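J.: Handing you a structure now.
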Amino acid sequence: MNAQDKALEKLRKRFIAIFVAVGGLFLLLAYGAIFASNLVQTESAIDTKLSDALDRVPFPATDEDAVQSWLARNSCMIVIEVEPPIGEPQVYFVNADDLSQSECDAIAAAVSATEDDDLNFKLNSRYLRTHKIIVQDGAADDKISVYSVYDWSADRADLIESGVTTGIIYLFCLVLLYIFGQLVSKQIIAPVKQSYEQQKQLVADASHELKTPLAIIGANMYLIKSDPKATVEENEHWIGNINTQLERMSALITDMLELFRADSQAGGVRTNENLSEMLDGVLLSFEARCFEKSIELEQTIAPDVEVNCYGKAMERLFNILMDNALKYTPEKGKITVELRTDKRNVFLTFTNYGTGIAKEHLEKIFDRFYRVDNARTQSGGSSFGLGLSLAKNIVLAHEGEIKCESDGSSYTRFLVRIPKAAQSGHIAHHRSK
């Protein structure tokens, strides 16, 4: 694993860690809120039962059975402690049939030993809550303390079970987050990895393209140095070769800079541009070259087509596609250019007749430094295979799409779709050159 792969793997692991940590935190907050809500509801229900039990005392003898039944249904009991002015306090229990005498004594001792109105304590395997009121009997000086007692053991067990279940679900969700993070991270890292690979390939291809002109320059410099007494006129041929290769290198560097600008969408500020006028001007600049090769240039351009775009980049796109069409059209051939629009998009088509592109090349035609075999090239030149790659990047920078069609022998067509900014007219004009 090289340094680049290690860096990408480190980045992927960091993404997974952050993804699981953030997702786990949100899940923890969500499950914590659910558990806290259950806890609050349980506490509220217990307080309500304790208060309702106290509301039923002191009760008339005629209602004692009904109160006893309510207490039994709600897991409550009532403890009544009577403290006379003289003598030992007396303790009475209501709905304590399932308790032993020792348990009753322990409850009485617990409630009597505290001055708090509320008490929470454990008795054997029972978890009990109490609430207290003091009732003064008007007929005597007895102090009567009434306690409602609720056995919340079942509620506690439900809370624990809910917490354990929530914890298990939380851990399961963390595992799912980790698995999902593994899958998503590969998709997220893929463009970064592709960008790294493209940069490596670009450097390798650019180095390869520069080797030939540098070798030619070196050879010509050697020949010039081999005869120190030779005049500039005598070395004109070698100097011309050097200038040619310098121009070739300059063109390569210019193409690469434009490619980087398109990659970073550094085309400046977007403005509303009239593509009809822009395309018409670009095609006008190619008329002389078309005339030299006796090529018929047929145009169908909808008027006043406006697009919010990078103006210079769009003009560069037109030049690339037109130059490409002209370069691969034989003498006395034909090129058709069409610009049309609908409510949402602008459609641009460049078609050159006379040559085609084999099917195996169509998918690679937009790759950097990719060039179809020389049999298709009619005019030679210093093409580096960057033009169509640059054209694709310009289109993508405008949220559009570009594709190439060809039958492999008689025509090649480039189709471009770009979202437009405003509605434009649909009346086309037609000219043949």
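J.: So which pairs qualify, if the first residue must be in region 108-136 and closer than 21 Å to SER153 by Cβ, the second must be in a loop (DSSP other than H, G, I, E, B), the Cβ gap must be under 7 Å, and the two must be at least 6 apart or on different chains?
T.: Partner pairs satisfying both residue conditions: TYR127/TRP152; ARG129/TRP152; HIS131/ASP117; LYS132/ASP117.
J.: For residues that are more than 60 Å from the chain's Cα centre (by Cα) and either basic (Lys, Arg) or loosely packed, with under 12 Cβ neighbours inside 10 Å (or both), tally how many sit in region 91-136. Step through it out loud before you land on a result.
T.: The first filter runs over region 91-136 and keeps only residues more than 60 Å from the chain's Cα centre (by Cα), leaving 91-115, 133-136.
Narrowing further to those that are either basic (Lys, Arg) or loosely packed, with under 12 Cβ neighbours inside 10 Å (or both): 97-98, 100-102, 109, 113, 115, 134, 136.
Qualifying residue count, region 91-136: 10.
J.: From the residues in region 77-118 that are closer than 13 Å to TYR147 by Cβ and part of a helix (DSSP H, G or I), which one is modelled with the lowest pLDDT?
T.: Applying the filter and picking the extreme gives SER112.
J.: Here is a follow-up. Looking for whichever is within 53 Å of the chain's Cα centre (by Cα) and surrounded by 15 or more Cβ atoms within 10 Å (Cβ to Cβ) here; the options are ILE189, ILE168, ILE224. Which one fits? Let's see the steps before the verdict.
T.: Details: ILE168 fails: surrounded by 15 or more Cβ atoms within 10 Å (Cβ to Cβ); ILE224 fails: within 53 Å of the chain's Cα centre (by Cα).
The match here is ILE189.
J.: Please verify whether GLY181 is surrounded by fewer than 17 Cβ atoms within 10 Å (Cβ to Cβ), touching a residue at least 24 places away in the same chain (Cβ under 8 Å) and not assigned by TED's automatic domain parsing to the domain that holds PRO85, treating the condition exactly as stated. Don't jump to the end; show me each part of the working.
T.: On the way: surrounded by fewer than 17 Cβ atoms within 10 Å (Cβ to Cβ): no; touching a residue at least 24 places away in the same chain (Cβ under 8 Å): yes; not assigned by TED's automatic domain parsing to the domain that holds PRO85: yes.
For GLY181, the condition - surrounded by fewer than 17 Cβ atoms within 10 Å (Cβ to Cβ), touching a residue at least 24 places away in the same chain (Cβ under 8 Å) and not assigned by TED's automatic domain parsing to the domain that holds PRO85 - is not met.
J.: Considering only residues that are at pLDDT 90 or above, part of a helix (DSSP H, G or I) and under 18 Å from GLY400 (Cα atoms), which ones fall in region 238-277?
T.: LEU275, SER276
J.: Here's a follow-up. Can you confirm whether region 39-57 contains a residue that is hydroxyl-bearing (Ser, Thr, Tyr), outside any helix (DSSP H, G or I) and within 30 Å of VAL146 (Cα to Cα)? Reasoning before the result, please.
T.: In the first step, residues of region 39-57 are kept if they are hydroxyl-bearing (Ser, Thr, Tyr); the result is 42, 44, 48, 51.
Of the ones still in play, those that are also outside any helix (DSSP H, G or I) are none.
Within region 39-57, none of the residues are hydroxyl-bearing (Ser, Thr, Tyr), outside any helix (DSSP H, G or I) and within 30 Å of VAL146 (Cα to Cα).
J.: Checking ASN74 against (1) at pLDDT 80 or above; (2) more than 20 Å from ARG126 (Cβ to Cβ); (3) surrounded by 12 or more Cβ atoms within 10 Å (Cβ to Cβ), which single condition isn't satisfied?
T.: (2)
J.: Scan region 347-360 residue by residue and report those that are outside any loop (DSSP other than H, G, I, E, B) and either buried (at least 18 other Cβ atoms within 10 Å of the Cβ) or touching a Cys at 6+ places or on another chain (Cβ under 8 Å) (or both).
T.: Step one: of region 347-360, the residues outside any loop (DSSP other than H, G, I, E, B) are 347-353, 359-360.
Answer for region 347-360, where residues must be outside any loop (DSSP other than H, G, I, E, B) and either buried (at least 18 other Cβ atoms within 10 Å of the Cβ) or touching a Cys at 6+ places or on another chain (Cβ under 8 Å) (or both): LEU348, PHE350, THR351, ASN352, TYR353.
J.: Could you say whether any residue in region 387-394 is of a type in the set (Ser, Thr, Tyr), in a strand (DSSP E or B) and either in contact with a His (Cβ under 9 Å, 6 or more places away or on another chain) or modelled with pLDDT of 80 or more (or both)? Don't jump to the end; show me each part of the working.
T.: The initial filter retains those residues of region 387-394 that are of a type in the set (Ser, Thr, Tyr), namely 389.
Checking which are in a strand (DSSP E or B) leaves us with none.
No, because not a single residue in region 387-394 is of a type in the set (Ser, Thr, Tyr), in a strand (DSSP E or B) and either in contact with a His (Cβ under 9 Å, 6 or more places away or on another chain) or modelled with pLDDT of 80 or more (or both).
J.: Does region 155-177 contain at least one residue that is touching a Gly at 6+ places or on another chain (Cβ under 7 Å), more than 30 Å from GLY87 (Cα to Cα) and not in a loop (DSSP other than H, G, I, E, B)? Even if it seems obvious, please write down each step before you answer.
T.: Step one: filter region 155-177 for residues touching a Gly at 6+ places or on another chain (Cβ under 7 Å), giving 174, 177.
Add one more test, that the residue is more than 30 Å from GLY87 (Cα to Cα), and what stays is 174, 177.
Filter once more, keeping what is not in a loop (DSSP other than H, G, I, E, B): 174, 177.
Checking region 155-177: at least one residue is touching a Gly at 6+ places or on another chain (Cβ under 7 Å), more than 30 Å from GLY87 (Cα to Cα) and not in a loop (DSSP other than H, G, I, E, B).
J.: Go through region 295-319 and give me each residue that's of a type in the set (Phe, Trp, Tyr) and either in a helix (DSSP H, G or I) or under 11 Å from VAL337 (Cα atoms) (or both).
T.: Initial filter on region 295-319 (of a type in the set (Phe, Trp, Tyr)): 310, 318.
Scanning region 295-319 gives a single hit, PHE318.
The values are calculated or read from the model by the stated rules, or taken from the named source; none is laboratory data. Since this is a predicted model, take the numbers as computed values, not measurements. All Cβ positions, even for glycine, are placed from backbone atoms using ideal geometry, and neighbour counts span all protein chains on display.
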